Each structure stands twice: as structure tokens, then as C-alpha cells.
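The values are calculated or read from the model by the stated rules, or taken from the named source; none is laboratory data. Just so we're clear, the structure is a prediction, and the values are computed from it rather than from any experiment. Here the Cβ is made from the backbone with ideal geometry for all residues, glycine too, and neighbour counts use every protein chain on show. Remember, those area values only see protein heavy atoms, side chains included, never the ligands or the DNA or RNA. Shrake-Rupley method; radii C 1.70, N 1.55, O 1.52, S 1.80 Å.
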Amino acid sequence: MACILVVDDIPGVRKSIAAGLKRLGHEVLEAGNGREALDLATGRATDLVITDMLMPEMDGVDLIDLLNEAPGKTPRILAMSGGGTFVTSQDALTVARQNADAVLEKPFDTVELCDAVQSLLEKGAT
Amino acid sequence: MFRSAAHIWMQALDAAQVNITIADAAHPERPLTYVNRSFCETTGYAAEDVIGRSCRFLQGPGTCAETIAQIRQSLNEDQAIDVEILNYRRDGSEFWNALSLSPIRDETGRVTAIVGFQVDVTERRRLDEDRLHSAKMEALGRFSSGIAHEVNSMLQPIVSLPSLVKTALPEDKAEEREWLDLIEEHGKTARALLRKLLQYGRRNPAAEAALFDPCKALDAAAVHLRPACGDLINLVRNQTLATGKTVYGDLQSLVQSIIALGENAIDAMPQGGTLTLAAHLTDGTVSLSVQDTGPGVDTRYRHRIFEPFFTSKPIGLGTGLGLALAQSHITSMGGTISLKNHAANGACFTINLPLAEPDTAAPSPQFYTA
Ligand SMILES: Cc1cc2nc3c(=O)[nH]c(=O)nc-3n(C[C@H](O)[C@H](O)[C@H](O)COP(=O)(O)O)c2cc1C
Ligand SMILES: Nc1ncnc2c1ncn2[C@@H]1O[C@H](COP(=O)(O)OP(=O)(O)OP(=O)(O)O)[C@@H](O)[C@H]1O
Ligand SMILES: [Mg+2]
């Protein structure tokens, strides 16, 4: 059992991902953007962060950077994206592939989610 | 004096670079009374074969009936008219004809003759169409990339939750289980459509452009198509192009384009037939063609098949993106894609690509990034 933080600005997306993870027996935290995610992750041992790339307040790229800079154990990062582009017109999926340990293309089914989570957790947090 | 002036006029008409025709207005058929040399050269008809006939012999199966009606109406009302009309040469080949007709009146104002000027504008139209197509594709790319993030997120619960609910459902709820399968299946169909659309938005072939052997593309496409041919379709290779030649662009895009043509060919032969993949080299141009023995492309909509979303196939079987995507891939490589329909032996799509020598500077085709 692991502690997993799910970050997406759309509550329905967070909930449907959390549902699958809870079925596997994981503890799940939810955040609506990068800023909220950092607040939740600070001072807590999070094994895995599943994050969207395009979000208000703080996007996935900044969140991943700050998680990597933070002292202590850095969680594994699973980025998810439905495509689209940043204001810099960079493609969100390409950016996701460059910044995360693994990437899921939205929408993904529960089997794809579980497989990706499983293999990241097996590698362990760095 | 008059005779020699008339003689010079006739010589001038014959020396002109545009096609000039004159018809008798008194007769309801408006038979041709004169055609100049350029007309004979560009259409392939001899003057003696066409004098006395209505010029409609240039029209054919692909000619727009509305345009013909417009001409007829203008002639009946003694009005001048400018149109662009699809015409056919004597050998059956098509060309776009910019036709300008003007009535000639006598002293009393009665129309006695009609003079027609014709210019072959096929090349200009092709360039216009390519530009329009690129602009459409770019807009489509922006649009799909714009909605992708939003719509894909909306689909997330629809694709992921049904399987969870199913495992929580009591054994006897077989019907409910089916409904959940339905939700999941349709969600995944929507996902597939959106992913196809996104290929437009996400493409930046300039990054992948390199010199490669076109035979490799044909081989890769053949490997992919063979299983889809099944037992009914015979896959044949016809290749005079030697390996080791190179073209410039993105290999994967070319493979995808050939596959799209091949899949269409297979779709066109549900009862079976022959799918021929050919590769030839003529005058520095590599031609890769995909030919089937189906019914050919229906002339009623053959001018629309490269439009994104144009499909004649039932819902779920065709999205109408295959040819549109292939065309934008090929134009971005500096090539062209064209169709020859043989009534007797199906459709033949040909991709023409300029040969690029490894030791010369690579051409700079216009890539567009959406
Ligand atoms: C002088 C003259 C030149 C013409 N040239 C062409 C031509 O190049 N291509 C064409 O499709 N129609 C041409 N037409 C039109 C056809 O001859 C015909 O008028 C038209 O098809 C409409 O009549 P219809 O409905 O009886 O066929 C020309 C007509 C005239 C009078
Ligand atoms: N070889 C062919 N023979 C007959 N008709 C063809 C052939 N190739 C294409 N067409 C016509 O052109 C249309 C457009 O083709 P295109 O590949 O763009 O879309 P599609 O095959 O309908 O759908 P998709 O390729 O997106 O699954 C087809 O629906 C069909 O009517
Ligand atoms: Mg197709």
C-alpha cells in the first residue's frame, strides 16, 4: 500500500482516478493544482504523484520541478495529459514525456492506470 | 487593303497563345466556325474534326452540370460569361479550362457570333487547392489541439469507471453489465477518433525530416497491409525503382500515407481483387502508386475525397481523414498525390516525390507547424 497524490483541476477526473487506486488499497490524496499539491505533499511521505500538465495556478511542469527540488525523498512522477498546448505553444504530451517518470495519455482505462502505477511503485521512490 | 488586314487578323488569331474559338450564334447548337492553332494543340483535336460541332465535346463525366447550365443560360440571354470548367482533351486527360465567352453583334444589335477564349488553368488551380488544403489542415490542427485537453479529460471517467462498477455488480445483473460495456466501448471509440484528429495538431515533420530510401517506406507499408488483405485480396509488388535512392522528408509519415491508400483500396474490394504497390523512377521523380481492382472512385464525389471528414463509408467505418492526412504529409515533403480512375480496373493513387541526392543540399519543402 502506497500514498498517492492525484493532481488535476477537474474534480471528476481526480475522483475517477482515485476510485481505481483506492480499489487497489492505496491511500489517495487529491489536489486541484500544483500549489495545492505542494501544500499537501510537504511534510508527508508521498510515494507517487499523478499529475495533469495544464492546470491553473501552478502547472504540472512547475510542480514537478519543485517536487524534485524539495528536500527529502522525491516521489515518483506519473504525468497524464489529454494533449493541448501550453501558452508557450509547447505540446503538453511532449513536455510530459520530458519531465515525468512515466506518462499516461488521457483518457486511460483502469487497467492501464494500475499497470503504470504498479511498475512505478516497484521501482520505488528515489 | 481589306483583304490583307483580314489576313493579318487571321494570322494573329492563329499565333495567339490562348485558345480562340468562334461559333455561329444563329444556330441553336452554336456550332464552331473557327478554332485557332493553340486550341488544336492543347485539346488534341484537329480543326476539321470540330468545325460545325458544339464545343460541348470538351465536356465529360467530371464536368459540373451547373456550370454547363450557366453557360447555356448566358448564351440564350446573349450575355457574356466567364467560368472555369473541367474539360477533357481528345486523349481523355482532364484540364481546367478558364472559358470566357462574348457575343458579337451586327449593326442592328443582333448577336451573330460568339467568340470564346480558353486558358488552361489546371496548374494554378492545383496550387490554389494545395494552399487551401494546407490552410484547412492547419486550422483543423489548431482546433483539435484546442479542444483535446478538455474533451479527453471529460472522457476520463467514462473510460475508466465502468470496469470498476462492473466488478462491484452482483452476479445476476447481466443486463446492467452490458450497459456498462456499452458506455466503455463508446467512450473508447470517441477516444480513438480524437487521437486520430490530434495527429494534425501534433505534427511537426520538420523535426523528423531526413533523407531516406522510399523503398523502405513501401516495404514497411506492405508488411502492415498484408494481414489486412486476407485470403480474398492478392497483394502484388511492381517495382522498377532500385533500392538505394533517396527522398527527403519523414519516413513514418510516408509509410502512414501509403497505408492509408492501401486501406482504402482494401475497403474498395470487399469481394476480393488485386492490390498493386508499385514504385518507379522517371526524370528525377519517384512514383509510388497504390492500385486496386475495385469500382474506382465515384465521379460524383471524386473532387471531394481529399477534404477532411469526407467519407462515403458508414458511421464507424470511415472518418474521412485518411486521404486528407496523406495529402498533407505528402505536400509537406514537396510531393504530390493524385488519382487516376480506370473504369475497368479500379482506382490508382500515385504519390510523386522529388528525388533528393544525398550529396546535394536537401530541398526545403514548406512544412507547417500547427
Ligand atoms: C464559342 C464557344 C466556345 C465554347 N467553348 C467551350 C469550352 O471550351 N469548353 C466547354 O466546356 N464549353 C464550351 N462552350 C459551351 C458549349 O459549347 C455549350 O454551349 C454548353 O455546353 C452549353 O450548352 P448545352 O447545354 O447545349 O451543352 C463554348 C461555347 C461557345 C459558343
Ligand atoms: N481506392 C478507392 N476506391 C474507391 N473509393 C475510394 C478509394 N479511396 C478512397 N475512396 C473514397 O474516398 C473517400 C475518402 O477516403 P479517406 O481515406 O479520406 O476516408 P475514409 O476511408 O472514408 O475514412 P478513414 O480513412 O478516415 O478511415 C472514401 O470514403 C471513399 O469514398
Ligand atoms: Mg481511408
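For the reader, a short list of remarks on this structure follows.
- Whole-percent P(r), the protein assembly as shown, all Cα pairs, 20 Å bins from 0: 18, 37, 29, 12, 4, 0.
- Rounded to the nearest 10 degrees, the inclination of helix B:214-229 to the longest alpha-carbon principal axis of chain B is 70 degrees.
- Those residues of region B:149-169 for which accessible area with every protein chain present is at least 50 Å² below the isolated value (1.4 Å probe): B:H149, B:N152, B:S153, B:Q156, B:L164
- Of the trypsin sites (Lys or Arg not before Pro) found in region B:1-87, those that fall in a DSSP loop while having at most 16 other beta-carbon atoms within 10 Å are B:R53.
- Comparing B:N345, B:N97, B:N76 in a Gaussian network model of chain B, where Cα atoms under 10 Å apart are tied by springs, the biggest mean-square fluctuation is seen for B:N76.
- Close amide H contacts of B:N234 (hydrogens built in the peptide plane, cut-off under 5 Å, sequence separation of 5 or more or a different chain): B:G273, B:T274, B:L275.
- Helix B:65-76 and the long axis of chain B differ in direction by around 20°, with both axes built from C-alpha atoms.
- All Cα pairs of chain B, percent lying beyond 36 Å: 43
- Interface burial in region A:2-35 reaches 50 Å² or more for A:I10, A:S16, A:R23, comparing the full protein assembly with the chain by itself; accessible area from heavy atoms with a 1.4 Å probe.
- Taken over region B:153-272, the ratio of Cα radius of gyration to 2.2 N^0.38 Å equals 1.55.
- GNM flexibility winner over chain B from B:A356, B:A344, B:A12 (Cα, springs under 10 Å): B:A12
- Note on chain B: GNM, Cα springs under 10 Å; of B:P295, B:P354, B:P227, the largest mean-square fluctuation is that of B:P227.
- Interface A-B: total buried accessible area of about 1900 Å², 1.4 Å probe, protein heavy atoms only.
- Phi to ³J(HN,Hα) by Karplus 6.51 cos²θ - 1.76 cosθ + 1.60 over region B:82-87, Hz, x for Gly, Pro: 10, 9, 10, 9, 7, 10
- Loop-resident GluC sites (Glu not before Pro) (DSSP state other than H, G, I, E or B) in region B:110-184 with no more than 16 further Cβ atoms inside 10 Å of their Cβ: B:E171.
- For the residue pairs A:K106/B:K173; B:K196/B:K216; A:K106/B:K166; B:K136/B:K196; B:K166/B:K188; A:K73/B:K188, alpha carbon separations beyond 27 Å are given by A:K106/B:K173; A:K73/B:K188.
- Across the accessible surface of region A:8-110, with the other protein chains kept in place and a 1.4 Å probe, carbon and sulfur atoms take up 47 percent.
- Whole-Hz ³J(HN,Hα) from phi, Karplus 6.51 cos²θ - 1.76 cosθ + 1.60, for region B:320-327, glycine and proline x: x, 9, x, 6, 4, 5, 4, 4
- Relative to the Cα centre, the charge distribution of region B:126-201, modelled as +1 at Lys and Arg Cβ and -1 at Asp and Glu Cβ, gives a dipole magnitude of about 440 debye.
- Ranking B:H133, B:G187, B:L155 by Cα position along the charge dipole of region B:126-201, where only Lys, Arg, Asp and Glu carry charges on their C-beta atoms, puts B:H133 farthest toward the positive end.
- Nonlocal amide H pairs with B:N19, under 5 Å, H built at 1.01 Å: B:Q118
- For B:V286, the residues whose modelled amide H falls within less than 5 Å of its own, excluding neighbours fewer than 5 places apart on the same chain, are B:L353, B:L355.
- Alpha-carbon centroids, region A:45-119 and region B:159-202: separation in whole Å: 23
- Accessible surface of region B:126-201, 1.4 Å probe: 62 percent of it comes from carbon and sulfur atoms.
- P(r) tail fraction, region A:3-123 - alpha-carbon pairs more than 21 Å apart, %: 29
- Counting only protein heavy atoms and a 1.4 Å probe, the protein assembly as shown has 51 square angstrom of accessible area per residue.
- Spatially proximal aspartates and glutamates relative to A:K123 (Cα-Cα < 16 Å; intrachain offsets below 8 disregarded): A:D47, A:D101, A:D115
- At the residue level, A:L29 shows approximately 20 square angstrom of accessible surface with a 1.4 angstrom probe and all protein chains present.
- By the compact-protein rule of thumb, 2.2 N^0.38 Å, the alpha-carbon radius of gyration of region B:1-149 corresponds to a ratio of 1.34.
- Helix B:2-15 and the longest principal axis of the C-alpha atoms of chain B enclose an angle of approximately 20°.
- Rounded to 5, the percent of DSSP beta bridges in chain A classed as antiparallel: 5
- Compactness check for region B:225-347: Cα Rg over 2.2 N^0.38 Å is 1.06.
- Remark on region B:104-147: accessible area falls by at least 30 square angstrom from chain-alone to full-complex state for B:S145, probe 1.4 angstrom.
- Here the relative contact order of chain B, from alpha carbon pairs under 8 Å that lie six or more residues apart, stands at 12 percent.
- Sparse-neighbourhood loop sites, trypsin sites (Lys or Arg not before Pro) in region A:1-94 - DSSP loop, at most 13 other Cβ within 10 angstrom: A:R44, A:K73
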